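Structure first, commentary second.
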Amino acid sequence: MTTASEAALVLADGSIFRGQALGAASETWGEVVFNTSMTGYQEMLTDPSYAGQILVLTYPLIGNYGIDPPIDESAQLQVRGLVVRSECESPSHPRGGMRLDDYLKAAGIPGLAGVDTRAITRRIRHEGVMPGLIVPAAEADAAARKIAELPSYDSIDFIDVGAESAYAWDGKPVAPQDAPPDGAPHIVVLDQGLKYNILRNLRRRGCRVTAAPPDSGIEDILSLAPDGVLLAPGPGDPALRELQVQTAGALIGRTPLMGICLGHQVIARALGADTYKLKFGHRGGNHPVRELQSGRVVITAQNHGYAVDPDGLSADAEVTHINLHDDTVEGLRHTAEPVFCIQYHAEASPGPLDNGYLFDRFLKLIEEVG
């Protein structure tokens, strides 16, 4: 490390992990979560689903291929803090010369390096996700007493992570001459904290794409004349998304619907299911999911702390996918309307590309309705 300043991660259970300061010289707090992906730290840092959280990466060397702006998943860094075992001081990728430390500093995000991130992960797996603070090492003991005063992550409404107004996605890096024709399917994406790669995937398939603010009602969305609506991922407890649940329920039967992650949970609640918090969530690029109808197993990218309880599902909805680690619900569909949703990330970023076909499935539903 190029800095000798010491910092510490203090967890709500009283444990303290001391290391070297990384990124901005400031304190931060948030819900402490871990991700098991081996690559994709830039995509994770810019993923809006990490709003309000301190991200711990289990892979030991982070920053080795630098920073490459075209792969950002949003307009800014979204995490409140980052914890790594070791930060690479000499990135090797020819397009990614910026160091991770400088990237965090430029965004005002503090971090911590030089700690055993797998030990932190074992503690979270055993005790569950919990609040934590990153502070100067000398303030660690005092910080432990502050944690009880922090607000609960589950009580925070992260609706401001989404777009403030509707905008058309220009499809970067798609060239202007490759822009879809006026008659191309128009997909409205409800931006609850979307990742750019969802929009990229739709544009690659020839769609016109408009992102709508998270507080858009049924009339706001229908006024955009969508051929289909995609409910995007985002942070926070789906139980706080009652407006979006009502909107999703009103859209069923009016237009084809697809949901991803938080969008899946919102559609599930609109179909009568409840949601609950997982002990430590699913975050990584190596989660096996089975499609029940075909028996096919795919490896998926995931980033969520809540899951769907299927017991209350309406009679016209059914579970289509399950997680092979813990049998949690990974997908649903409506049996009479063109509506389906998945808990995992068809757009990956980071993660395996097994599931891009689900965008094709959505467009096939739109074609059949049209």
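We did not get these values from a lab; they are worked out from the coordinates using the rules stated. Quick caveat: nothing in here was measured; it's all calculated off a predicted structure. All Cβ positions, glycine included, derive from the backbone under ideal geometry; neighbour counts span all protein chains shown.
Taking other residues whose beta carbon is less than 13 angstrom from the beta carbon of ALA138, and scoring Lys, Arg as +1 and Asp, Glu as -1, yields -3. Across the chain, the longest run free of exposed loop sites, meaning GluC sites (Glu not before Pro) lying outside DSSP classes H, G, I, E and B with no more than 12 other Cβ atoms within 10 Å, spans 165-370.
What is the sum of charges around ALA239, taking Lys and Arg as +1, Asp and Glu as -1, for the other residues whose C-beta is under 9 Å from the C-beta of ALA239?
-2
Between the amide H of PHE34 and those of VAL56, distances stay under 5 Å, these residues lying 5 or more places away or on another chain, with hydrogens modeled in the peptide plane. Using θ = phi - 60° in the Karplus curve 6.51 cos²θ - 1.76 cosθ + 1.60, the 3J(HN,Hα) couplings for segment 319-324 round to 6, 10, 9, 10, 7, 7 Hz; x is entered for Gly and Pro.
Exposed loop sites here are trypsin sites (Lys or Arg not before Pro) in DSSP loop states with at most 15 other C-beta atoms within 10 Å. What is the longest stretch of the chain lacking them?
With trypsin sites (Lys or Arg not before Pro) excluded where exposed in loops, the chain gives 96-253 as its longest stretch.
On the principal axes of its alpha carbon atoms, the chain extends 63, 49, 38 Å, with the longest extent given first. The lysines within cross-link reach of LYS364, meaning a Cα-to-Cα straight distance under 29 Å and a gap of 8 or more places when in the same chain, are LYS172, LYS195. Evaluated on segment 6-153, the Kirkwood hydrodynamic radius is 15.0 Å, with distances taken between all distinct Cα atoms. Neighbours of PHE34, meaning other residues whose beta-carbon lies under 13 angstrom from its beta-carbon, give a summed charge of +4 when Lys and Arg score +1 and Asp and Glu score -1. Over segment 159-369, the pair-distance histogram of Cα-Cα distances with 10 Å bins from zero comes to 9, 38, 39, 13, 1 percent, rounded to whole numbers. Across segment 335-340, coupling constants 3J(HN,Hα) worked out from phi with the 6.51/-1.76/1.60 Karplus curve, θ = phi - 60°, read 7, 10, 10, x, 9, 8 Hz, and Gly and Pro carry x. Calculate log10 I(q)/I(0) of segment 236-286 for q = 0.16, 0.24, 0.27 Å⁻¹, where I(q) comes from the Debye formula with a single equal point scatterer on each Cα and nothing for solvent. Debye output, listed in q order: -0.48, -0.91, -1.06.
Which shape class applies to segment 182-224: rounded if a/c is under 1.5, otherwise prolate when a/b exceeds b/c and oblate if not, where a ≥ b ≥ c are the square roots of the Cα gyration tensor eigenvalues?
Since a/c reaches 1.5 but b/c is at least a/b, the shape of segment 182-224 is classed as oblate.
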